[in-house]
1. Can you put VAL104, VAL5 in order, fewest other beta carbons within 10 Å first?
2. Using 7 Å Cα-to-Cβ label points, what is the ALA160/ASP105 separation (nm, one decimal)?
3. Looking only at Cα atoms, what is the convex hull volume of region 2-170 per residue, in Å³?
4. How high is the FRET efficiency between ASP151 and THR44 when r is their beta carbon distance and R₀ equals 45 Å, given to the nearest 0.05?
5. When only C-alpha pairs under 8 Å and at least 6 residues apart count, what is the relative contact order of region 2-170, in percent?
6. Among DSSP beta bridges whose residues both lie in region 1-150, state the antiparallel percentage, nearest 5.
7. Rank by packing, highest mean first: peptides 83-90, 107-114, 62-69, with packing defined as the count of other Cβ atoms within 10 Å averaged across residues.
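Only the coordinates and a few stated rules stand behind these numbers; no lab work does. This one's a predicted model, so the numbers in the text were calculated from it and none came from an experiment. All Cβ positions, even for glycine, are placed from backbone atoms using ideal geometry, and neighbour counts span all protein chains on display.
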Amino acid sequence: MRVLVAFASAGGSTAGIAEWIAGALLARGHDVVLRPVGEITGVTGHDAFVIGSAVHDQAWLPVAADFLTENRRGLRGKPVWLFSVGSPGALRGPLRGWAALEEVDVLAELLKDVTPVEHRLFTGVVTATTFGKFGALLFRAMGGRFGDFRDWNAIENWSASIAAALAEQKS
């Protein structure tokens, strides 16, 4: 199957995850196209889609949200997997639970344009520059940690489940 893996990345975390997913699908025999959403002019010619975005202020980046809205007709009836990249894994205690709730808010907004097979929220790379000077101080004061929190095992397992679902649809 021809799969479009599309992404909107702010600092590189989402791009890295999209690259991993594309590589995993390619390794399992799928024809994969990997592109930033801002470089895509349409969705024709693809059988399935994996689309992801960084999350800022509990929403997908505007370029990614606009991509879904503009292409909702072309995506209708096709298998679509969505992933979001935020900061829940960088938080501790009650804040971690609160941040994990962003998946509910993000997904509610995305469901206005597309009905995905599945949506996953991953944690990305969190640096002081992610939040700006004041935001970084507040983040640290609230127990936040900086670092690379991408869970490559979880990303690989999810990629494998997508590949298996695509192979099943193909046969």
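1. Working: VAL104 10, VAL5 29.
Lowest to highest Cβ neighbour count: VAL104, VAL5.
2. Label-label distance for ALA160 and ASP105, simple model: 3.4 nm.
3. Working: hull volume 17.1 nm³, N = 169.
Given the Cα convex hull of region 2-170, per-residue volume reads 101 Å³.
4. Details: r = 34 Å, r/R0 = 0.75.
E(calc), rounded to 0.05, equals 0.85.
5. Numbers: 269 pairs, mean separation 40.3, N = 169.
It comes to 24 percent, rounded to a whole number.
6. Values: 4 of 28 bridges.
Looking only at bridges with both residues in region 1-150, the antiparallel portion is about 15 percent.
7. On the way: 83-90: 23.5, 107-114: 14.5, 62-69: 17.8.
For the peptides 83-90, 107-114, 62-69, the packing ranking is 83-90, 62-69, 107-114.
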